[in-house]
1. Within segment 230-254, count every residue that is more than 27 Å from VAL118 (Cα to Cα) and surrounded by 10 or more Cβ atoms within 10 Å (Cβ to Cβ).
2. Can you tell which of GLN257, GLN206, GLN264 is surrounded by 10 or more Cβ atoms within 10 Å (Cβ to Cβ) and of a type in the set (S, T, N, Q)?
3. Counting only residues that are in contact with a Phe, Trp or Tyr (Cβ under 8 Å, 6 or more places away or on another chain) and closer than 26 Å to THR157 by Cβ, how many does segment 207-226 have?
4. Could you say which residue among VAL122, VAL138, VAL91, VAL130 is out of contact with any Cys (no Cβ under 9 Å at 6 or more places or on another chain), surrounded by 10 or more Cβ atoms within 10 Å (Cβ to Cβ), part of a strand (DSSP E or B) and aliphatic (A, V, I, L, M)?
5. Residue check, MET282 against (1) within 30 Å of PRO67 (Cα to Cα); (2) at pLDDT 90 or above, all met but one. Which one?
6. How many residues are within 30 Å of THR302 (Cβ to Cβ), of a type in the set (Ser, Thr, Tyr) and either touching a helix residue (DSSP H, G or I) at 6+ places or on another chain (Cβ under 9 Å) or modelled with pLDDT of 90 or more (or both) when one looks only at segment 47-99?
Amino acid sequence: MLRHVSIGICAVVLLMAISEARACPCGRGCADACATCGSACTDTACGCSACAAPAAPQCVQRTCYVPTTVMETRTITVTKCRPETRQQLCVSYRMVAETKVVQCEYTRMVPQTQVRTVSCPVQRVVYETVQKQYTVMVPHCEMRQYTRTVCRMVPVTETRTICETVGHWECRAMPAPAACGGCAPACAPQCVCRVWVPETVQRQVQVTCMRPAYESVPYQCPVTVCLPEVRTCSIQVCHYVTEMVSHQVTCCSYVPQRYVVPKQVCCYRCVPESQTQLVTVMVPYQEVQQIQVPVCKLVAQTVTVPVCPSCCAAAPCCPVHRRCCR
């Protein structure tokens, strides 16, 4: 990356020098006013001896410093670890079984039989006759008056209009049938036929028909009605009487008794033991190494820059190119 930057800086310097050399219209590169005549050097007829004749550009070598990346070898100290086997004394515990006789104490429930007199309440049933009144519904039959609607057919005379077909026969002349063709002189071209002519006539007729007639008719019917009646009856009622009754019962109770019994038990004891074990540890050490390190340095390079020779010869003429000729 530094190499590309140095190449870019050299190109910028070269372009600035070329732009200063080509800024003047006369071709000599003196863009400022002439120190002798005081006029801008845009015309060759200014009368100045330094600006009278154009001169050819001249190239001058200049030295510039370009940053360059260089790989250098340097010595550093690195810490590393290597495995090392060592002996270590450690203590371990081993469980050793031992048998002991201990006195175990426990309690046992022993049954005992006892006879006791117990008084307890007893419920006895007592019956008693009592009179009780109750109400019953007694059915009675009675006659009641009702009204019902009766339908009867009554003859009614009505006038109706009827249509009758009245017609008569007529004799009419009809054309002869096509099968005859008038083959004989006696055949007439027409024949007489008898035709019925219908005729419809309306007339009024008295008709007797039956029409329903409704009327209300009273009637009686027996009805069964239930009437309440109070009666008395004897019933037996039972109730309970509490009495205390004593009786003997045999009961079994448990009495605790303590016993001491020797018993062998197995217990464990921790016994320490010393052992030597091989362990691997990482031991650090330092080591000197040679590594390549990138270093940025300024390298001198020679470049060629075009300048105006007349301006370099006459220093008072152009102060701008006097700076470029140094």
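The values are calculated or read from the model by the stated rules, or taken from the named source; none is laboratory data. Keep in mind the model is a prediction, meaning the values are calculated, not measured. Neighbour counts are summed over all protein chains in view; Cβ atoms, including those assigned to glycine, are modelled from backbone coordinates with ideal geometry.
1. 3
2. Numbers: GLN206 fails: surrounded by 10 or more Cβ atoms within 10 Å (Cβ to Cβ); GLN264 fails: surrounded by 10 or more Cβ atoms within 10 Å (Cβ to Cβ).
Step by step, each of GLN257, GLN206, GLN264 is checked, and only GLN257 is surrounded by 10 or more Cβ atoms within 10 Å (Cβ to Cβ) and of a type in the set (S, T, N, Q).
3. Here is the first cut: in segment 207-226, the ones in contact with a Phe, Trp or Tyr (Cβ under 8 Å, 6 or more places away or on another chain) are 218-221.
From what is left, the residues that are closer than 26 Å to THR157 by Cβ are none.
The qualifying residues number 0.
4. Step by step, each of VAL122, VAL138, VAL91, VAL130 is checked, and only VAL122 is out of contact with any Cys (no Cβ under 9 Å at 6 or more places or on another chain), surrounded by 10 or more Cβ atoms within 10 Å (Cβ to Cβ), part of a strand (DSSP E or B) and aliphatic (A, V, I, L, M).
5. (1)
6. Residues that pass the stated criteria total 4.
So that you can scan it fast, the table gives a plain yes or no per residue for (1) closer than 30 Å to VAL201 by Cβ; (2) free of Cβ contacts under 8 Å to residues at least 24 places away in the same chain; (3) touching a Leu at 6+ places or on another chain (Cβ under 7 Å):
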{"site": "PRO67", "(1), (2), (3)": "no, no, yes"}
{"site": "THR73", "(1), (2), (3)": "no, no, no"}
{"site": "THR113", "(1), (2), (3)": "no, no, no"}
{"site": "SER119", "(1), (2), (3)": "no, no, no"}
{"site": "TYR134", "(1), (2), (3)": "no, no, no"}
{"site": "ARG160", "(1), (2), (3)": "yes, no, no"}
